[in-house]
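Chemist: Sending over a structure as structure tokens; questions will come in a sec.
Any read-out appearing in this document is the output of simple, stated calculations on the displayed coordinates, not a laboratory observation. Treat the numbers as computed from the prediction; the structure is a model and nothing was measured. Backbone-built Cβ (ideal geometry, glycine too); neighbour counts: all protein chains shown.
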Amino acid sequence: AIALLTIFPSLPWRYALAFGIAIIVYDISGVYITGLIIKLVSSLTFLPPAVAIIPQALAAQSAPAAILGLGDIILGGVFLNTAKMYSAYRAGLLAYVVALTMAYMVVIVTHYPVPAMLFIAPLILIATWASAKEKQINLYA
């Protein structure tokens, strides 16, 4: 899994933080304010490549099939590379798994699509920050 991270760029902390905030604003706008992302995904007549789908048979009975988009995978990799830069890879990977679990649980409870990046970006960045602080690594150097 670590070898796959080489295909994703590494971002210094301050750029990863700014990028994470921008992605969250984009997802909130696209899903909750304008609904454009929901319209786009629901109008697709094909499945895009590199999309992970949890079929309804494996999903919770109360939730439809869950889709993990390419952006969630790629951008998650970018944030994991940032964690790796600051010796926080394990903390970042754990945060990624927790974020995906939290996003899926919210879908189950709300019966509404939830951008996983709303959980991925903050949790990986917080884990990176906490791990770097514990190891006394300066994120702004």
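Chemist: At 7 Å along the Cα-to-beta-carbon direction for both Ile28 and Val97, put a label point, then send me their distance in nm to one decimal.
Modeler: Each label point lies 7 Å from its Cα, and together they span 3.0 nm.
Chemist: Could I have the simple spin-label model distance between Phe46 and Leu70, label points 7 Å from Cα toward Cβ, reported in nm to one decimal?
Modeler: The modelled label-to-label distance comes out at 1.1 nm.
Chemist: Then there is this: On a full-extension model of 0.36 nm per residue, what is the gain between Ser10 and Ile137, subtracting their alpha-carbon distance, rounded to one decimal in nm?
Modeler: Once the chain is fully extended between Ser10 and Ile137, it gains 44.1 nm.
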